[in-house]
Every structure is written in C-alpha cells, then in structure tokens.
Amino acid sequence: MSSESAAKTKKTKKMKMPHIYVLLISITIICAAASWFLPAGEFERALSDAGREMVVPGTYHVIESTPVGFFTLVQSIYNGTVDAAGVIFFVFISYASIGLIIASGAFNGLVASMLRILKGSARAIIIPVFITLIGCASSTIGVFEEMFPFIPIFVGIAIAMGYDAIVGLAIVALDTGLGYSGAVMNPFTVGMAQSIADVPQMSGAGYRIICHIILIAVASFFVIRYALKIQADPAKSLVYGDDFSSLAMDSDHIENKPFGIREKLVLATLVAGIVVIVWGTKAKGWYFAELSAVFLLMGLVSGFIMGWGPNEIAEKVAKSFSEIAVACMMIGIARGILVVLQAGHIIDTIVYYLSIPLSQLPGAISAVAMFLVQTGINFFIPSGSGQAVTSMPIMAPLADLIGISRQSAVLAFQFGDGLSNIIWPTSMTPIICGIAGVKIEKWWKWFVPVFIVLVLTQSILMAVSVVIW
C-alpha cells in the first residue's frame, strides 16, 4: 500500500467528534427512548420542617407509563431553554460585563506585573494558588455558574504565561468542582444534604477540609505537570494550532503593558464586586437576578473609568453576547435532557434501581459504591440541590441499613456531585468548554485520566470516612 493510500485510510478511520449540539440532542433522544421501556415510577414526596419538598424513602411505586413522543422530544429544546432562562441570561450578562473588564487592559497589566516577577517554571506557582482561592469560594458559598465569566480571563493568563487554554480552563473548572467535592459549608449541597440526612450542620467539616486539601494537591500536580510540558514544547499542547486569538494575551506584548491608575481602578472595581457578591450570596441569599445586577454594574463602572462612551460600551457588550451565544444555547439544550426525563417519569426509577445493589455490599465497599452511584445520578440530575432532595432521602436511611455513618452518605453525595459536573455532557462541561473555546473532546482527552485518579483518591477518602465516622 502506498503512503498516500495509507494516509487516506488513516484519515477515513479517524473518528470525528460530533458537534456539541448533536451530542446533547443525541443524549436527549436516548433518554426519550428509555422512557418507552423503563417503568415510569415515583416516590412520594413531603414537605420538611424547612418547607423543602423531599422524597419519602420506601415509597417508590410504579405509575402509568408516560413515554416521551417525538413532538414532546422536539419541544424539550424550547422547554429546556425556558427552564434554564435564569442561568442563560446570567451567563450572557456576566460574560459581557467581564468582557468590558478584559477590554480595559487591566488584566493585561496585571499579567505584565506577574510576568516581570515570575520567570520560567516559577510561574507555575499561580496554578495551586488560584485553584485554592477559587476552590475556597465554591466550598463555602457555592459559586459555580458565577465562575463562568472568569474562564476567558484565566485562559488569557495561561496563554500569556506560556501554557495553553486547557490550563486556564482547568484552573477555573477544576477548583470549582473540587470546591463542591470538598465543600465545608456550601449551602446548596452539603448544607442541604446534611439537613435532609438529619446530621448537624457543619459537622464533619474537619475531615472535609482534609479531603479538599488532598484533592487540590492531586489536581495541582497534574495541571502543573501539563503546564510545564507545554511551556517546554508548545507543540505538545492538546489544543496546538487552535485559534484563541480572541482570548490570548501575548506575553511579549504585555510584559511592558502599562498598569496605570485606570487599570488599577478597574481591578479594584472587580475586587469590590466580588466582595459584594460573596456578602450578598451569604448574608442576603442573592441569586441570579441580584448577581447579574452586580456584574452589570462592575462592567459599566469599568467602562466609564476607561473613558468609554455609551456607544462604545454597547458595541463591546454586543460583541460579547455574540461570542457566548453558542455556550448559552448549550445550557438550554442540556436542560432539555432533564425535561425529557421528568416528562417520562423515569428519574425516580433510575435512582431507585441504582440504590438497590448498595444494600447488598459491606462497609467501606458500600460507601465507595454509594459515591460511584451518586456520580452516575449526577449525569441525570446535574443540579446539586436537585440531586440532594432526590437521592439523600434514600441514601441516608440506606446508610443506616448497611451500617455506615450518615456523614459518609453526605460525603458520597458531595464527591459524586462535584467533579462530575465538569465531565458529564449533561452538566457544565459543554458550557465551560464553549466559553473557553476548547473542543469538548480535547478537554476530555486531558481531563478523563485526571478524573480517574481523582475518583480513586476520593474512593480511598470514602473508605477512610467509614473508619473515622
């Protein structure tokens, strides 16, 4: 066979990853098909003392089948987009606002200062620092979607420091996922799960902090190792040759970038905004409407600080809207998967049958299995709070049945809900990849091996929890 024929054969055999819309809609179709052969079923639900609707354990029963037809399937795209409207418009507004801050050149000036101080491999120290800082935010106040606007910032910083977009994406995505996994007081996950499991709030925090530190160390090792490899040979980057011109900050150009009073005021505005967001989320229970307002004010104030007129600001905002539109549609299409599962009444069925094998396993093995089951459940219920109210009323009594602490059941839920958010295509993965401009298959190629190691680490931590709790 000639070399030309061999090349053609290799090219033919090479599998091309489908467009993310095709992937998400394919999963939606599979879920709709599952509603035709899986039994429809549901648990009874009751209001807790806190007024939260929860599953009543032991009440699962089969109901009349409600298979999802073709027209309902098609409608799920619209219904999912409407259902996720809060997230979608928050991402639109916050991304555009951060876009104004990036356009100010403030981050270019900040990176210039960092590049002048840190040289060579020493620059890698920023990776564990930022992973820890952002991880603490998600661990305590439960930020996740709120971190999306910072993805392009860290992508730009990573490229400027001689790394690539995957490093920048990993800094934001990994630390957010790790923060949820090792959450100390995240009200949306550990707070809700402990309330449902009827264990004291903040109990077990010491061990969860240890878990978080261990996971940060493991994740930082892999990110730093990859970053240094790219710094030594850019051709080894998984995204080598891809266009990141809209996000990249050129190192040679910005090392002498001015970092004047205007740029510093813009960064001060950002820091002040983040402080307000932390306070509002924690003290006032702010959510997307209030957070969007804060982000919008940060962007507008930054624009006026830079001396831009209303038309110039509007043009920059419009540009950001067009850049983020594809990712925002991913959110709606992904939510359509949940809409189909709900319409087919098979979510509770999936949770019920996943829980049955757990009751047959002993001690530490059952705790690890519980964690793996929670990871699987997160594919179907990507909402942390939604997963808590659906699975924890089953997992908590199940923990009693198999002789492990309910605290371990809470930890299994946390571990299952955290990192899987940045690997499952039904959750945040398509969105973060879209914002970073990284093809999802390239993210998976880098992250899947890291994810496996982190899952093994979490499994060991789960087994230890059975011994100490």
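So what J values fall out for segment 209-214 if you push phi through Karplus, 6.51 cos²θ - 1.76 cosθ + 1.60 with θ = phi - 60°, rounded to Hz, Gly and Pro as x?
5, 4, 4, 4, 4, 4
Shape of segment 402-441 from its Cα gyration tensor (a ≥ b ≥ c, root eigenvalues): rounded if a/c is under 1.5, otherwise prolate when a/b > b/c, or oblate?
Prolate, because a/c is 1.5 or more and a/b exceeds b/c.
Taking a label point 7 Å from the Cα of E290 along the Cα→Cβ vector, which residues of segment 144-166 have an amide N closer than 16 Å to it?
Residues passing the 16 Å test: 144, 146.
Residue separation times 0.36 nm, minus the C-alpha to C-alpha distance between F37 and V453: what's the value?
Difference between extended and current length: 146.3 nm.
Across the Cα atoms of segment 228-378, what radius of gyration and what greatest pairwise Cα-Cα distance (Dmax) are found, in Å?
In Å, with Rg to one decimal and Dmax whole: 23.6, 67.
Got a sec to turn the phi values of segment 86-100 into Karplus ³J(HN,Hα) couplings, 6.51 cos²θ - 1.76 cosθ + 1.60 with θ = phi - 60°, whole Hz, x for Gly and Pro?
x, 5, 4, 6, 5, 5, 4, 5, 5, 5, 5, 5, 5, x, 5
So if R0 is 30 Å, what FRET efficiency would I274 and F71 give, r being the distance between their Cβ atoms, rounded to the nearest 0.05?
0.10
Under the rule of at least 5 residues apart or a separate chain, name every residue whose amide H is placed under 5 Å from the amide H of R45.
V56
With a ≥ b ≥ c the root eigenvalues of the C-alpha gyration tensor of segment 393-469, is it rounded (a/c under 1.5), prolate (a/b larger than b/c) or oblate?
Prolate is the answer for segment 393-469, as a/c is 1.5 or above and a/b outweighs b/c.
Karplus couplings for segment 156-167 from phi (6.51 cos²θ - 1.76 cosθ + 1.60, θ = phi - 60°), rounded to Hz, Gly and Pro as x?
Here the 3J(HN,Hα) series is x, 4, 4, 5, 5, 8, x, 9, 9, 5, 5, 4 Hz.
State whether segment 285-329 is rounded, prolate or oblate according to the following rule on the C-alpha gyration tensor (a ≥ b ≥ c being the square roots of its eigenvalues): a/c under 1.5 gives rounded; otherwise a/b larger than b/c gives prolate, and the remaining case gives oblate.
It is oblate, given that a/c is not under 1.5 and a/b is not larger than b/c.
Could you tell me which of the pairs K319/K439; K284/K319; K316/K439 are separated by over 31 angstrom between their Cα atoms in the structure shown?
Exceeds cut-off: K284/K319.
No lab work stands behind these numbers, since they all come straight from the coordinates. Since the model is a prediction, treat every value here as computed from it, not as a measurement. All Cβ positions, glycine included, derive from the backbone under ideal geometry; neighbour counts span all protein chains shown.
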